[in-house]
Amino acid sequence: KPPVIKQAVSQYTQKTVTGFLVYALEDLTARKIHALCTRTEGKDVLDVYNALPLCGKMNAAMQKMLESEKNSATPREFIEKTIQAVKKTDSKKLRNLTNPFIPSAKRPRDWLELKNDLIIKLERLLK
């Protein structure tokens, strides 16, 4: 079953953006969690950190993503693996490699705190 595709709606005007369709936020976030687990770059840390609070239930989206990647893990197993990958990540490396790509006003002040908060958010997916 393919990911859910919806029309894009502007958060600001609440009008439909015409001309293209976009993934549902949960499906897009599941793809970013996959990127987070496999490459653990700062942009993935920041994207997943900001996206998770906006998402509904993630289990179905995670299952679809795993199927599309031909990964036999359960969503729970994959989230646990992702948590371990994030825990191993050096927060200074995240900061140094990512900050040039994030506007100054949007940069996290403390990458270690952000990393630890993300781990908590990912752990909540296991409940």
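The values are calculated or read from the model by the stated rules, or taken from the named source; none is laboratory data. Nothing here was measured: the structure is a model prediction, and the numbers come from that model. Cβ sites come from the backbone with ideal geometry, for glycine too, and all protein chains shown count toward neighbours. Just the protein is used for accessible areas: all its heavy atoms, side chains included, with ligands, DNA and RNA removed. Shrake-Rupley method; radii C 1.70, N 1.55, O 1.52, S 1.80 Å.
For the listed peptides 31-40, 83-92, a ranking on the average number of other beta carbons within 10 Å per residue, highest first, reads 31-40, 83-92. Solvent-accessible surface of region 32-127, taken per residue with a 1.4 Å probe and all protein chains present: 62 Å². For the residue pairs Lys70/Lys93; Lys32/Lys87; Lys57/Lys121; Lys81/Lys121; Lys81/Lys127, the C-alpha atoms sit more than 24 angstrom apart in Lys70/Lys93. For the pair Lys121 and Ile102, label points projected 7 Å from Cα toward Cβ lie 1.1 nm apart.
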